[in-house]
1. To the nearest 20 debye, what charge dipole does the chain have about its Cα centre, counting +1 at the Cβ of each Lys and Arg and -1 at the Cβ of each Asp and Glu?
2. Label 7 Å along Cα→Cβ of TYR161; the stretch 83-112 residues with amide nitrogen under 17 Å?
3. What spacing in nm lies between the two simple spin-label points modelled at LEU89 and SER188, each 7 Å away from Cα in the Cβ direction?
4. Simple spin-label model, 7 Å along Cα-to-Cβ: SER178 to LEU70 in nm?
5. Counting only residues 5 or more places away or on other chains, whose amide H sits under 5 Å from the amide H of LEU228 once H atoms are built in the peptide plane?
6. Which net charge results when you count Lys and Arg as +1 and Asp and Glu as -1 among the other residues whose beta-carbon is under 9 Å from that of ARG130?
7. Stretched out fully, how many nm does the piece from ARG123 to ASP238 gain, at 0.36 nm a residue minus the Cα gap?
8. Of the trypsin sites (Lys or Arg not before Pro) in the stretch 156-211, which ones lie in a loop per DSSP and count no more than 15 other C-beta atoms within 10 Å?
Amino acid sequence: MKIVTFNIRCDCRVDQENNFEFRKPLILKKIVKEEPDIICFQEVMSHVAEWLNDTLIDYTVVGCGRDENLDGEQVSIAFRKDKFSLVALDHFWHSETPQLPGSRFEEQSVFPRLCTQCYLMERKSKKIIRVVNTHLDHISSNARVKELELIMRMIKTPSMYKESITFFAGDLNAYPSSKEMQVMNLYSEFQCLSENIGFTYHGYFKDEQIQNIDETPQIDYIFSRGELDLISVEKWTDVVEGVYLSDHYPVSVVVELK
């Protein structure tokens, strides 16, 4: 089973040659080639969500906007139609009132943040797989601590769906050594599948401090809970004539469920 976390990057004209319009063919070609089973997307603008739904014909794409009216940027999950059926879908916001759309913690930036989570049944094995996808605040470390604490509490809450495996993925905007990531140390049942992958945000290498070497810490992660064997981990580092998949390297893991 191949799982990918992919910050697809907002459609920003300042990206010039890496504007979403120019990245679309490369993104589609890569996904068709790699055939991931599950993709956790971040920074999915409304029209990008429409493009994913229309273009990824072998996938079901789920998610809603983060704003009060459920419009705006999404953290979408795509899964292969031939391998999974959707059992349940839920969203919750990073706030003291997680069921209130558009809500946020006081420490956060002006942007609401949310989780998209779904329960999938693997058609062949009939196992239930839980997928939780998020994008943490980009400004406040204290907000990210609260967000991670909330997410882990929500994941730990008993569910009527007895999942065999839980995947938690996303752009956490935090280095492995940061105080916010220490929250994950309290949950020993979770394994970081993307450990030691190296830097994942490159910003198209427009910042002189970011170089094409694996010394800058990662900020994109995939965690799992449950019995599995990790087969491989890689970053999608494709670039064609200066055009990248995104300003982040997507992270892909291949696992075998026990």
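1. Magnitude of the dipole: close to 980 debye.
2. 83-93
3. 3.8 nm
4. 3.0 nm
5. Counting only residues 5 or more places away or on other chains, the set is LYS258.
6. After counting each charged neighbour, the total is 0.
7. Answer, rounded to one decimal: 38.2 nm.
8. Answer in residue order: LYS162, LYS179, LYS206.
Each reported figure results from applying straightforward, stated rules to the coordinates on display, with no laboratory input. Remember, predicted model here, so these are calculated numbers, not experimental data. Neighbour counts are summed over all protein chains in view; Cβ atoms, including those assigned to glycine, are modelled from backbone coordinates with ideal geometry.
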